[in-house]
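Contents: one structure, followed by commentary.
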Amino acid sequence: MALNIVVCIKPVPDPAYYDKVSIDPVTKRITREGIPTIINPVDKNAIEAALQLKSAYGGKVTVITMAPPNATENLREALAMGADEGILLSDRAFGGADTLATSYTLAKGIEKLGSFDIVFCGAESADGATAQVSSQLGEWLGVPHLWNVFALEAPEEKQLRVKTKIENGAMEWEIKAPCLLAVAREVNKPRFISAMGIIKAKNKPISTWSKADLIVEDSRLGLEGSPTKAGGVFTPDLKRKGEMLKGDPEQIVEEILQRLRAGGISIDLDGSCEWGGGK
Amino acid sequence: MKKKIWVFAEQVKCGLDPVVFELLTKAGELAAELGGETEVAAVLLGDGVEPFCGLLAEQGAEVVYLADDPALGMYNPMLYAPLIVELAKKEEPEIFLFGATAIGSQLGPTVAAGLSTGVAAHCVDMRINSDKLLVADVPSFGGKILGEILCPDTRPQMASVKPGIFVQGPPCPKPLNVVKMDLSLLPKSDLPLKALSLEKKEVEGVPLEKADIVFCGGYGLGNKENWDKLVKLAAIFGGAAACTRPAVDEGWSGGEHLMIGTSGKSIRPKVYVGFGISGATHHICGMKDSGLIISVNKDEKAPVFEVSDVAVAMDLNKVLDGMLARLS
């Protein structure tokens, strides 16, 4: 027996550069020039989770993405980590997709692969960060799905014990394959790519599928298939006056305490008369 | 037919999540903007949750849709989503709001897929436009960019909002009106997904969201000792200590539940004091609504100073130790 595992990844602009993202004042488009495209960081945890299951039970790891043609580079990187095959879903008709249309298209790509046991996703992307695609993909595929998985065990091949994060705590689950798991960064530590990995990746297959290769309803694709529409974009103005405090540490501390009080914080300084006789 | 604005009334064992009251307040405002006879309702699922109906009515829910069943004691998307989808198909709400909590972040998009409608994720503001459509401001690129999201053609127009983004308003009590949901839709057979347990840690000290003053530490803290000092300082003020992503990754802070930012919490204390924080957009997005922002960073060009009211360009050790010495 062996596991058939699919990992969904998303190429994103490197989050280390998001301070440099801006809106072109004329075209009103988001400019992200010069920012390198990388595999969405938590998607590497998804790849790692898949590779670990494969090494426990055998099988195959297929990495899939819906992206522009140059995303083959990101797929190649996933193959260098150890995945077996890459699928790029790329077509102009897929463009402008929101989470519902994206998850639909990914589902159709995965269905074309044939049967699967587990689909892994990262819990959210660094750029859009809606964290919605995985849950909606689970719905399109008609399989049980969990989001924000931070611990994962597979005591049996097709039965998993999983923990998901909740506020200040965790939920524990039993989930049967076929299923979908969206992982959080705590789930594992993605492996580094070895030189051998890079060499092997060169001969691993990457296929590109366009709309014509999939059995899809056109009205569910891309912009047309997206119930949400984008309105205006803007950069929030968060500027404050940034008044610089001067002085030696003692003076600075007094100045900060004064500001805290002015900001509505009561300060209880025992035995001090500085604030007019204590509290 | 009356227009309806729904709020998912998330609760985990011990009570309703505060975000529910924040959303009910916002729903009331949106209802006023929509005009006409717009009705605010809450959708409540769980086991033994009927007593919460009164609290929801107190905060403005004119109707509470209730599914109270032992099977719903622990959240399970395979149980919750079908019930809510069927209810929404029948009642056709105009707007449906979810807290962007761990559970809401999964349930919202799951329900949306069932209804083939759109969700604006992690809204930081929302309003009704002149076409009577919901306009939601949604952050992307770690909060650097805000985009307006509309859902013009499908209903409900859904949105998720992180806890702490909106402020809970004063109560606006409505007569209790409970409508029971159809529990015959609950699957009888064995599900491939079972919730086994739910653990919630008791929060020590003042919860981050409720603190008047928050002391926040970033990568510049440099070590665990300084984090401990921050916690001490917070305790002196009856406030809370918080952190950025790097301080979580370095293992200095108590953990991710104390993290402020786009993938963490949004806070609006009276005063925020940041130590060793450079000012990455991801973090700023979570603290920008603080009353007063004071930042301590030895780099006088730190970007965080631009979004601060008060800037202290000094070695944070001196300031931390100085404050502790002065106050203890």
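The values are calculated or read from the model by the stated rules, or taken from the named source; none is laboratory data. Fair warning: this is a prediction, and the values are worked out from it, not measured in the lab. Cβ: placed from backbone, ideal geometry, glycine included. Neighbour counts: every protein chain shown.
Do we have any residue at all in segment A:137-145 that's modelled with pLDDT of 95 or more, surrounded by fewer than 20 Cβ atoms within 10 Å (Cβ to Cβ) and closer than 21 Å to B:Ala100 by Cα?
No: segment A:137-145 contains no residue that is modelled with pLDDT of 95 or more, surrounded by fewer than 20 Cβ atoms within 10 Å (Cβ to Cβ) and closer than 21 Å to B:Ala100 by Cα.
Please enumerate the residues belonging to segment B:9-18 that are modelled with pLDDT of 95 or more and within 14 Å of another protein chain (Cβ to nearest Cβ).
B:Glu10
Pull out all pairs, ordered by first then second residue, where Cβ-Cβ is under 6 Å, the residues are six or more apart or on different chains, the first lies in segment A:64-75 and is within 9 Å of A:Ile9 (Cβ to Cβ), and the second is in a helix (DSSP H, G or I) and not hydroxyl-bearing (Ser, Thr, Tyr).
A:Ile64/A:Gly109; A:Thr65/A:Ala71
How many of the residues in segment B:87-112 are within 19 Å of A:Ser134 (Cβ to Cβ) and either of a type in the set (S, T, N, Q) or assigned to a helix (DSSP H, G or I) (or both)? I'd like the intermediate steps shown before the answer.
Going through segment B:87-112, the residues within 19 Å of A:Ser134 (Cβ to Cβ) turn out to be B:98-112.
Restricting the remaining residues to those that are either of a type in the set (S, T, N, Q) or assigned to a helix (DSSP H, G or I) (or both) gives B:101-112.
The qualifying residues number 12.
Given A:Ile175, A:Ile198, which one is part of a helix (DSSP H, G or I), over 29 Å from A:Ala93 (Cα atoms) and of a type outside the set (Gly, Ala, Ser)? First the steps, then the outcome.
Values: A:Ile175 fails: part of a helix (DSSP H, G or I).
A:Ile198 is the lone residue from the list that is part of a helix (DSSP H, G or I), over 29 Å from A:Ala93 (Cα atoms) and of a type outside the set (Gly, Ala, Ser).
Can you confirm whether segment A:84-91 contains a residue that is crowded, with 24+ Cβ neighbours inside 10 Å, touching a Ser or Thr at 6+ places or on another chain (Cβ under 8 Å), in the same structural domain as A:Ala154 (by TED's automatic domain parsing) and among the charged types (D, E, K, R)?
No, segment A:84-91 contains no residue that is crowded, with 24+ Cβ neighbours inside 10 Å, touching a Ser or Thr at 6+ places or on another chain (Cβ under 8 Å), in the same structural domain as A:Ala154 (by TED's automatic domain parsing) and among the charged types (D, E, K, R).
Of the conditions (1) within 8 Å of another protein chain (Cβ to nearest Cβ); (2) more than 24 Å from A:Phe94 (Cβ to Cβ); (3) in a loop (DSSP other than H, G, I, E, B), A:Arg191 clears all except one; give me its number.
Looking at each condition in turn, A:Arg191 falls short on (1).
Does B:Ala121 satisfy the criteria of being within 8 Å of chain A (Cβ to nearest Cβ) and in contact (Cβ under 8 Å) with a residue 24 or more places away in the chain?
Values: within 8 Å of chain A (Cβ to nearest Cβ): yes; in contact (Cβ under 8 Å) with a residue 24 or more places away in the chain: yes.
Yes, satisfied.
Are any residues in segment B:1-47 polar (S, T, N, Q) and within 18 Å of B:Ala88 (Cα to Cα), and if so, which ones?
Matches in segment B:1-47: B:Thr38 only.
With the condition being under 29 Å from B:Gln168 (Cα atoms), I'd like the strands (runs of 3 or more DSSP E) fully within segment B:220-328 carrying at least 2 qualifying residues. Break it down into steps so the answer makes sense when it comes.
On the way: elements: B:240-243, B:271-275, B:292-296, B:310-312.
Output list reads B:240-243, B:271-275, B:292-296.
Just to check your reading of the model, which residue among B:Ile277, B:Ile284, B:Ile260, B:Ile267 is aliphatic (A, V, I, L, M) and within 8 Å of another protein chain (Cβ to nearest Cβ)?
Working: B:Ile277 fails: within 8 Å of another protein chain (Cβ to nearest Cβ); B:Ile260 fails: within 8 Å of another protein chain (Cβ to nearest Cβ); B:Ile267 fails: within 8 Å of another protein chain (Cβ to nearest Cβ).
The conditions single out B:Ile284.
Tell me which of these A:Glu111 doesn't satisfy, since it passes every other one: (1) touching a residue at least 60 places away in the same chain (Cβ under 8 Å); (2) facing another protein chain (nearest Cβ under 9 Å); (3) of a type in the set (D, E, K, R).
(2)
Find the strands (runs of 3 or more DSSP E) located wholly in segment B:128-201 whose residues include 1 or more that are within 19 Å of the chain's Cα centre (by Cα) and either crowded, with 21+ Cβ neighbours inside 10 Å or at pLDDT below 95 (or both), and list them. Before the answer, list the steps.
Working: elements: B:134-140, B:145-150, B:157-161, B:178-180, B:193-200.
Because the criterion is at least 1 residues that are within 19 Å of the chain's Cα centre (by Cα) and either crowded, with 21+ Cβ neighbours inside 10 Å or at pLDDT below 95 (or both), the strands (runs of 3 or more DSSP E) in segment B:128-201 that meet it are B:134-140, B:145-150, B:157-161, B:193-200.
Only one of A:Thr228, A:Thr235 is touching a residue at least 24 places away in the same chain (Cβ under 8 Å), in contact with a Ser or Thr (Cβ under 7 Å, 6 or more places away or on another chain) and within 7 Å of chain B (Cβ to nearest Cβ); which?
The conditions single out A:Thr235.
Go through A:Asp43, A:Asp24, A:Asp14 for me and flag whichever is more than 26 Å from A:Pro155 (Cα to Cα), of a type outside the set (Lys, Arg) and under 20 Å from the mean Cα position of the chain (by Cα). Please lay out each step first, then the result.
Working: A:Asp43 fails: more than 26 Å from A:Pro155 (Cα to Cα); A:Asp24 fails: under 20 Å from the mean Cα position of the chain (by Cα).
Only one candidate passes the filter, namely A:Asp14.
Being surrounded by fewer than 12 Cβ atoms within 10 Å (Cβ to Cβ) and more than 7 Å from chain B (Cβ to nearest Cβ) narrows it down to one of A:Ala212, A:Ala184, so name that one. Quick ask: steps written out before the conclusion?
Numbers: A:Ala184 fails: surrounded by fewer than 12 Cβ atoms within 10 Å (Cβ to Cβ).
Only one candidate qualifies: A:Ala212.
For segment A:146-177, give me each residue that is more than 7 Å from chain B (Cβ to nearest Cβ), surrounded by fewer than 19 Cβ atoms within 10 Å (Cβ to Cβ) and touching a residue at least 24 places away in the same chain (Cβ under 8 Å).
Once the filter is applied, which keeps residues that are more than 7 Å from chain B (Cβ to nearest Cβ), surrounded by fewer than 19 Cβ atoms within 10 Å (Cβ to Cβ) and touching a residue at least 24 places away in the same chain (Cβ under 8 Å), segment A:146-177 yields A:Phe150, A:Ala151, A:Ala154, A:Glu157, A:Lys158.
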